[in-house]
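What follows draws every value from the coordinates through simple rules; no lab data is involved. These numbers were taken from a predicted model, which means no experiment stands behind them. Backbone-built Cβ (ideal geometry, glycine too); neighbour counts: all protein chains shown.
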Amino acid sequence: MPKQKTHSATAKRVKKTASGKLKVSRANRNHLKGNKSKKAIRNNRKAGFISASDEKRIKNQIAHIK
């Protein structure tokens, strides 16, 4: 059986936390903030985490990342 390869595009976008959750950066953070509400900008500073429904699939893609 061949080795399972890490999906490199996913590995660049996802970090594993110490507790095993998957952390990602949020969209809409870089520019054009003038037309976004202050609340949206503020809430976008928080860390983004992968939803539970996607977590199994993405963990499988990056199985060898520590």
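Brief remarks follow.
- Among the residues of the stretch 40-63, those that are in a loop (DSSP other than H, G, I, E, B) and not hydrophobic (A, V, I, L, M, F, W, C) comprise Asn44, Arg45, Lys46, Ser51.
- Filtered residues of the stretch 9-41 (kept if over 13 Å from the mean Cα position of the chain (by Cα) and surrounded by 10 or more Cβ atoms within 10 Å (Cβ to Cβ)): Asn28, Arg29, Lys33, Lys36, Ala40, Ile41
- All positions within the stretch 49-66 that are out of contact with any helix residue (DSSP H, G or I) (no Cβ under 8 Å at 6 or more places or on another chain) and either among the hydrophobic types (A, V, I, L, M, F, W, C) or surrounded by 12 or more Cβ atoms within 10 Å (Cβ to Cβ) (or both): Phe49, Ala52, Glu55, Lys59, Ala63
- Filtered by the rule that a residue be in contact with a strand residue (DSSP E or B) (Cβ under 9 Å, 6 or more places away or on another chain) and either more than 20 Å from Thr6 (Cα to Cα) or in contact (Cβ under 8 Å) with a residue 40 or more places away in the chain (or both), the stretch 44-63 gives Ala47, Gly48, Ile58, Gln61, Ile62.
- Of all residues in the stretch 3-39, those being in a helix (DSSP H, G or I), out of contact with any helix residue (DSSP H, G or I) (no Cβ under 9 Å at 6 or more places or on another chain) and farther than 30 Å from His64 by Cα number 4.
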